[in-house]
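Written below as structure tokens is the structure these notes are about.
The values are calculated or read from the model by the stated rules, or taken from the named source; none is laboratory data. Here the structure is a predicted model, which is why all the values come from computation and not from measurement. Heads up, the Cβs are rebuilt from the backbone with ideal geometry, glycines too, and the neighbour counts pull from every protein chain shown. To get the accessible areas, we keep the full protein, side chains included, count just its heavy atoms, and leave off ligands, DNA and RNA. Shrake-Rupley method; radii C 1.70, N 1.55, O 1.52, S 1.80 Å.
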Amino acid sequence: MSDLFRIKGGIPLKGTISVSGAKNVALKVLTASLLFEGEVILKNIPQIGDVYGVMGLIQDLGGEVEFVEKSTVRVNSSGINANKLDLLVASKIRASFMFFAPLLHRFNEAHIPNPGGCRLGARPIDRVVSGMEALGVTVNYDSDTGFFHANMNKKPQGRYRFSKVSHTGTELLIMLGAISDGETIIENAALEPEVDDLIMLLNDGGASIRRYNDDIIITGAEKLVQKNPFTIRADRNEAATHAVLAITTEGDITLTNLATNDLDAFNKQILRAGGGIEALSESEIRYFYQGPLKGIDITTEPHPGFMTDWQPPMAIMLTQAEGESLIHEKMFENRFSYVEELQKVGADIQYVTLPVDNPDTFYEFNYEPGKEYKQAIRITGKTPLHNAVLQISDLRAGATLAIAALIAPGESIVHGAQHLERGYEDFVEKVRSVGGTIDKA
Ligand code: EPU
């Protein structure tokens, strides 16, 4: 199977790109559709690897799901007749543990493999499991089979406070509480706007879910029935990737079909670094090169801070900025897998240790004293980039390496296209539409 990009870089990219629907909403609303009675229509769903993975899991369980138009999906869960996910497929998709909600509602027990997704550190689900237990679900892990087994004997309800935020953990508890005869309260819930799309879908179907800052109060419905097709928001991670592509190739790209205010924290840093931005409307924004860039310091944060998913593309932009930049990754372990690859194209990037007073509370992953972490990098610019043969190891790193190849004059080969295609719809076509030379081979 072809799994590489052949890219010729060094040309300013100019034009317009329409941003696709958000991966991190699509995966959740597809899973949440299984809580509904009858048919659910979802719009703006991107045709990407992870979406096909979740659709495959639904079909394996006996559900019906198909693209009825380019970005419209129809789901009907009435045929679901199994409560165990396939080990091979589910273990590759981190969001697969969200299936606990619909499977528990249907069967009162569910069997799901230890979730995977990008290899961004250990990524345990301890907080998620404690949250489920607080709502009355019993969860056991079988280390021989790699499966979590969950069961319940009453509708989930109760109160749970996340010790540290969890985006998908919050979403799973919302789904569990959405069909219930009682109330569920989630404290220190994730604030990401993607979570609000899930809430809107469930409220439209009959649940009552209200957010008060980082508290979410859920009054479950007896049943969920969709009244209107649901359109998901645009992918702000895809948008950030194309924005960096515009600025680093010294080009000019207008992004359409997105909620521009989802990018506020990103835009603030682009402006600090000297990138050009023109807000054209609430759904259109132009990114352009307006002169030399300068180095900046960034720390990734939960929403409304600078997203972890934006730091890999931002790193490549900062290789083209004058002076020193620092990136401190607070959300995940192991999110710098692109560093060695960027060094191959000539970037000056070094790992550094930044002093942190209380690492246990500062980092959002489960920090273990004594363990060696690589949580920060220093980038010194501006360095000319040259072509190379590169290897993608995770989704956002993939976009970063593709951008590096589009900056570097000459031909580069980027292996591991499937990682990028897990999350970027029509990447090749979109890059070509703004003048880039890229082929999948
Ligand atoms: N964590 C635990 N235990 C838990 C839950 C989380 O240790 O029970 C740790 C994680 O390992 C991580 C941190 O806590 O270090 C934050 O994890 P969180 O649960 O918030 O992240 P996630 O839900 O796994 C989602 C997105 C990520 C995005 C983050 C932050 C999906 C499928 N994934 O991850 O997206 O970076 O929230 O917004 O929604 C991507 O799209 O490339 C991606 C990784």
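Please list Met98, Met331 in order of solvent-accessible area, largest first, computed with a 1.4 Å probe with all protein chains present.
On the way: Met98 0, Met331 35 Å².
Accessible-area ranking of Met98, Met331, largest first: Met331, Met98.
Summing -39500 (n - 2.57) over the DSSP H runs of n ≥ 4 in the chain and dividing by its residue number, what mean residue ellipticity at 222 nm do you reach, to the nearest 500 deg cm²/dmol?
Values: 15 runs with 132 residues, N = 441.
Helix contribution divided over all residues of the chain: -8500 deg cm²/dmol.
The residue among Asn153, Ala388, Val54 whose Cα reaches farthest toward the positive pole of the charge dipole of the chain, with charges on the beta-carbon of Lys, Arg, Asp and Glu, is Ala388.
Enclosing the Cα atoms of the chain in their convex hull gives a volume equal to 135 cubic angstrom per residue.
Ranking Pro12, Tyr367, Ala239 by Cα position along the charge dipole of the chain, where only Lys, Arg, Asp and Glu carry charges on their C-beta atoms, puts Pro12 farthest toward the positive end.
Only protein atoms count toward the accessible area here, which uses a 1.4 Å probe; on the chain, the carbon and sulfur part of that area reaches 47 percent. Just to compare against my own numbers: the Cα pair-distance distribution for segment 126-172, 5 Å bins, whole % per bin, please. Result, from short to long distances: 5, 20, 28, 22, 16, 7, 1 percent.
Asn108 versus Asn257, label points 7 Å from Cα toward the beta carbon: distance in nm? Taking the two extended label points, one gets 4.5 nm.
Applying a threshold of 19 Å to the alpha-carbon distances of Lys43/Lys227; Lys294/Lys382; Lys23/Lys43; Lys23/Lys92 flags no pair as lying beyond it. Here's the picture: charge each Lys and Arg Cβ at +1 and each Asp and Glu Cβ at -1 in the chain, and of Asn267, Gln226, Gly38 the one pushed furthest to the positive end of that dipole is Asn267. Relative to the longest principal Cα axis of the chain, at what angle does helix 193-204 sit, 0 to 90 degrees, rounded to 10? Approximately 30 degrees, to the nearest 10. Note on surface exposure: Arg74, Arg236 rank Arg74, Arg236 by accessible area, highest first, 1.4 Å probe.
Averaged over its residues, segment 185-279 has an accessible area of 35 Å² per residue, based on protein heavy atoms and a 1.4 Å probe. Here Ser180 sits with roughly 10 square angstrom of accessible surface, probe radius 1.4 Å.
So how tilted is helix 236-248 from the main axis of the chain? Cα-based, degrees 0 to 90, rounded to 10. Computed tilt is about 0 degrees.
Considering only Val68, Val225, Val339, the mean-square fluctuation computed in a Gaussian network model of the chain, springs between alpha carbons under 10 angstrom, is largest for Val68.
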